[in-house]
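Notes for the one structure printed next.
The values are calculated or read from the model by the stated rules, or taken from the named source; none is laboratory data. What you see is a predicted model; the values in this text were computed from it and never measured. Note that we place each Cβ from the backbone using ideal geometry, even for glycine, and neighbour counts take in every protein chain shown. Note: accessible area is taken over every heavy atom of the protein model, side chains too, but ligands, DNA and RNA are not part of it. Shrake-Rupley method; radii C 1.70, N 1.55, O 1.52, S 1.80 Å.
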Amino acid sequence: DVGAGQLLRQSLVFGMDNAVTAIDVELPFRGVMIGDFVRTARTMGLQRASKTLVREMLGVDYRFRRELRKQSGVASPPSVVCQRMSATEMTLGDDTFDGAFSFSVCQHIDRPELAAREMFRVLKPGGLAYIELHLYTSLTGSDHPLLQVAPRQIPSWGHLRRSTPFYGKHGLYLNCWRLRQWREMLER
């Protein structure tokens, strides 16, 4: 799972029937642990570490995993190997995995061609890569934080329309690639 995120959503689901390795530049906290907070603050900044700590203290991760176990009928969450690394510089061996997947991550990578090259490098011959893209030109392509809590406050394609206060404003780093760029890169 390339860019697994804090909740490990896809990793945990796929891990029910598969061995899963999840990578991300920021690993999930292991409960409310000061070491995890300090590590995240050093690598990702104090704001990101604080956000993760608050989410952990509110029990968001715990409730997600509990509901996943309930809905899937499993007694304990699947084991997922988590490693901190960049999608563009994987330290994983060549021809290691049967599959690679990445959900709405590549738009946040400054050099997505390197990430794609790395994903294909670690695949075994005949392996499959699934890369889901959140296009910059889509209705919600800005990833603005308001889209999570008050999506109706942002006008349709506000990040692309100069006449709106949301023009060019993003919540996270975005490479702003268009569909044509993704197609050309993936075909190469």
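Laid out as a table, the results:
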item	result
Close pairs (8 angstrom Cβ cut-off, 6 or more residues apart or separate chains): at positive phi in segment 138-154, open to solvent by less than 30 Å² (accessible area, probe 1.4 Å) and among the polar types (S, T, N, Q) anywhere	D143/Q107
Output for segment 112-148, where each listed residue is closer than 19 Å to T164 by Cα and either in a helix (DSSP H, G or I) or of a type outside the set (D, E, K, R) (or both)	Y136, T137, S138, L139, T140, G141, S142, H144, P145, L146, L147, Q148
Residues (closer than 20 Å to S11 by Cβ and touching a helix residue (DSSP H, G or I) at 6+ places or on another chain (Cβ under 7 Å)) located in segment 32-64	T40, R48, T52, R55, D61
Close pairs from segment 169-188: first touching a residue at least 12 places away in the same chain (Cβ under 8 Å) and assigned to a loop (DSSP other than H, G, I, E, B), partner among the aromatic types (F, W, Y) and surrounded by 14 or more Cβ atoms within 10 Å (Cβ to Cβ), Cβ under 7 Å, at least 6 apart	L174/Y136; C176/Y136; W177/Y136; R178/Y136
Failed item, numbered, when Q10 is tested on (1) of a type in the set (S, T, N, Q); (2) open to solvent by 60 Å² or more (accessible area, probe 1.4 Å); (3) touching a residue at least 12 places away in the same chain (Cβ under 8 Å)	(2)
Filtered residue count, segment 162-185, keeping only those that are at pLDDT 90 or above, within 23 Å of D110 (Cα to Cα) and of a type in the set (D, E, K, R)	4
The listed residue being under 14 Å from the mean Cα position of the chain (by Cα) and open to solvent by less than 50 Å² (accessible area, probe 1.4 Å), out of V2, V80, V20	V2
Any hit, segment 113-131, residues being on the phi > 0 side of the Ramachandran plot and either among the aromatic types (F, W, Y) or within 18 Å of the chain's Cα centre (by Cα) (or both)	no
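Conditions (1) part of a loop (DSSP other than H, G, I, E, B); (2) open to solvent by less than 60 Å² (accessible area, probe 1.4 Å); (3) among the hydroxyl-bearing types (S, T, Y), marked per residue:
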{"site": "R42", "(1), (2), (3)": "no, no, no"}
{"site": "L68", "(1), (2), (3)": "no, yes, no"}
{"site": "T91", "(1), (2), (3)": "yes, no, yes"}
{"site": "D110", "(1), (2), (3)": "yes, no, no"}
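Results for (1) closer than 30 Å to N175 by Cα; (2) touching an Asp or Glu at 6+ places or on another chain (Cβ under 6 Å); (3) hydrophobic (A, V, I, L, M, F, W, C), shown as yes or no for each residue.
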residue	(1), (2), (3)
D36	yes, no, no
R48	yes, no, no
R55	yes, no, no
Y62	no, no, no
A75	no, no, yes
V81	yes, no, yes
M90	yes, yes, yes
V105	yes, no, yes
P112	yes, no, no
